[in-house]
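The values are calculated or read from the model by the stated rules, or taken from the named source; none is laboratory data. Predicted model, so just to flag it, every value in this text is computed and none were measured. In this analysis, Cβ positions are derived from the backbone assuming ideal geometry, glycine residues included, and neighbour counts consider all displayed protein chains.
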Amino acid sequence: MLNESYAWTTIYSELATKLLDYKDNRTELLRVLHTAFADLNRANPFMDKSTGIDKPLDDVDPFTVLGTFNKGITDKNRITILAKMKEVFRLQSEVPSSFNGVPLLHNMAPLFFGNQSERKPTDISNLWSFYEAAIHLADQKVGASTEDFVRQFDQVTRQHRIKFNITMGLFWIRPFAYVSLDQKNREFFNNQADIKEFVFYDCNPSYLPNGETYLTICRRFKSAFEQRLGGLTSFPELSYGAWIDTPVVNETAASYEGQDKTEGPNYWLYAPGRSSFKWEEFYQDGIMGIGWEELGDLTAYDSKNEIKKALQAKFDPEQDYMNIGHGLWQFANKVKPGDIIFAKKGTKYIIGRGVVSSGYIYDEKRKDYNHTLKVDWTHEGTWEHPDGKAAMKTLTNVTDYTEYVEKLNLLFAIEEEENGGITPPPQELYGKEDFLDEVFLNEAEYDRVKRLLEMKQNLILQGAPGVGKTFAAKRLAYSMMGVKDKNRVRMVQFHQSYSYEDFIMGYKPSEKSFELHYGPFYHFCKEAEKDSDNSYFFIIDEINRGNLSKIFGELLMLVEKDKRGEKMRLLYANELFHVPPNVYIIGMMNTADRSLAMIDYALRRRFAFYELTPAFQSEGFKRYMEVKNEEKFDVLVQHVEKLNEEIIEDESLGRGFVVGHSYLHTLEKADESFREAVVEYELIPLLEEYWFDDLSLVENWTKRLRSAVR
């Protein structure tokens, strides 16, 4: 008899089989689904929002259909939707009351295919064919073959928006045949020695496997289940075991997949009610809450604009509600497990700190502040706000204000040391394969640049505008750390007036006198010193715009690899200081900056140099063009490549002034207005600067580039 904890598997499998009837009749499937969600008085999830104007989708794949109730919504809503599915598709299985072990999509990435400008015409049909092959293989239908499954798995995983989420879909449709490689499962597998030894002894669970390896993983797990490895007997048990083993879990018993992960925790400033009147309650209950409960469950709204319209309809049509709508949208969709919350009272005091431990929860049992998130509050007290007055908004993302975040963290530094520290949230794994998947370098180029940084510990990534220097620098750091740990990566930008006092330490005026302020490099080295087992990466943008001797001062010698660990007395403090051996420095240099003289010899001697070039001919960019499948975009790329040839041949310019691929790689929407904006406001001004003394050449290329996008 099926364990009641996993009763959901029966109706999931039955619905998956039923959807196959619509493989060649998707118009009818969409009609049935549109009607079903209208009957439930819920927002239609099958809408194309890519153009800014909502319109019904004209095609859909079966994994996306199943994803409508396998995302971050409450179990009550999940049951409601599944009951409607049972009705309209005439299913026989009972609707379950729990969903133990079901992995969920992120609310912001519910589709298994890109919009029309991102996907190929065959993408959705490929998903249907793979869906059918997977069911037939699991059911051992006549004619089903592993070769067909492997071929189609490898085909769809090359499509836009498909990564680990496809394994979640396989688990939904046949929960006892296929393993989900969602984030929580991957973290669990990496932490279980017996699973790694029995299943992953020749492959890494952190990387998306090919079809053949995926089936091998499934077979090995089934053998493990027969031996009751870890007491587990099925994939649903395994998935649920991974969930309950994870320190940070959400209310709906699953992890979010299908969207790019952030680069570490975000930091939020939060007011627990007006004048913090809810603070004591929220602290005791381990939650944070926000008002406007009249709107109901915020997951019913697909955009912040929908929330704004709902506020106008319920309260005042003349009010804008833009800021309120934005805050509610962030609360429900942007705050994530692992994020750090600083609770404030008014604009003068910080009253607590905590770590988010769930996704958004609409708690109907509460009489007010029904919009909630679970939070592990780590600190409670009263601290003066460190930097003037705090923002007045209820919820403010302060992540990008790194110096401000540092000051907030310092409020709790002493207490953390006394209490043995705060357990950090789990970090997303990141390795060489992830780097190669995101950065347009091949494996040999990656190995070369990594060796240079390891050998010298100081590296300059140089190149023309738009070759992705900053993006590559951060990903190189993550790949060498093995995780996306934003706390171990710090970035600053040099400029002509940047000084030792800004970078290391110096006296700055206060209200009554002068106070000694410590700079970002000083703080970073101190953090690295306390964590000597891990690598730290300090990234300097526009490194050649600053005077290195002036900025580093007496520390310039200490950044050399063979001088790491040696101590020297600082200029403004009676303190011996050193640059720890686990600190790596990556600088970026724009080779098209005419305002700079020859590179400082001090920079040349202490840093290795690696040049990044436009990647239009790289395999990665070619795949990107194939995914876009947009003729005008291809024409624009061809024109830019021709432009680069002329720039290289120009004796006054040369290779250091070419146009990088990042100018065009940012065109996620390939519509005409986006292409025109890049040409008009980025490329043409760049050419006007390059050829300021040859207007005819500027006019010629202006016409050619404009013709490519119109």
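Here are the numbers for this structure:
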| item | result |
| --- | --- |
| Criterion violated by residue 398 - all others in (1) farther than 24 Å from residue 490 by Cα; (2) of a type in the set (Val, Ile, Thr); (3) at pLDDT 85 or above satisfied | (1) |
| Some residue of the range 207-216 being modelled with pLDDT under 85, within 27 Å of the chain's Cα centre (by Cα) and closer than 22 Å to residue 157 by Cβ | yes |
| Residues (assigned to a helix (DSSP H, G or I), crowded, with 19+ Cβ neighbours inside 10 Å and under 23 Å from the mean Cα position of the chain (by Cα)) located in the range 487-539 | 488 |
| Candidates 35, 17, 27, 9, filtered to the one that is within 15 Å of residue 91 (Cβ to Cβ) and surrounded by fewer than 18 Cβ atoms within 10 Å (Cβ to Cβ) | 17 |
| Sole exception among (1) within 22 Å of residue 334 (Cα to Cα); (2) at pLDDT 80 or above for residue 379, by number | (1) |
| Residue count, the range 190-222 (criterion: part of a helix (DSSP H, G or I), within 19 Å of residue 166 (Cα to Cα) and touching a residue at least 24 places away in the same chain (Cβ under 8 Å)) | 7 |
| Every residue from the range 440-482 that is of a type in the set (S, T, N, Q) and touching a Lys or Arg at 6+ places or on another chain (Cβ under 6 Å) | 457, 458, 479 |
| Test result for residue 147, charged (D, E, K, R) and crowded, with 19+ Cβ neighbours inside 10 Å | no |
| Filter pass, residue 142 being in contact (Cβ under 8 Å) with a residue 24 or more places away in the chain and more than 24 Å from residue 47 (Cα to Cα) | no |
| Scan of the range 540-552 for residues that are surrounded by fewer than 20 Cβ atoms within 10 Å (Cβ to Cβ) and not charged (D, E, K, R), ordered by number | 547, 549 |
| Meets criteria (of a type in the set (D, E, K, R), free of Cβ contacts under 8 Å to residues at least 24 places away in the same chain and not in a loop (DSSP other than H, G, I, E, B)) for residue 550 | no |
| Members of the range 51-79 that are crowded, with 16+ Cβ neighbours inside 10 Å, hydroxyl-bearing (Ser, Thr, Tyr) and at pLDDT below 90 | 74 |
| Residue among 529, 542, 575 that alone is modelled with pLDDT of 85 or more, over 22 Å from residue 497 (Cα atoms) and in the same structural domain as residue 455 (by TED's automatic domain parsing) | 529 |
| In the range 250-277, the residues that are modelled with pLDDT of 90 or more, touching a Phe, Trp or Tyr at 6+ places or on another chain (Cβ under 7 Å) and in a loop (DSSP other than H, G, I, E, B) | 272 |
| Filtered residues of the range 116-144 (kept if of a type in the set (Ser, Thr, Tyr) and either surrounded by fewer than 18 Cβ atoms within 10 Å (Cβ to Cβ) or at pLDDT 95 or above (or both)) | 122, 125, 129, 131 |
| Residue match in the range 503-516 (condition: at pLDDT 90 or above, over 21 Å from residue 399 (Cβ atoms) and aliphatic (A, V, I, L, M)) | no |
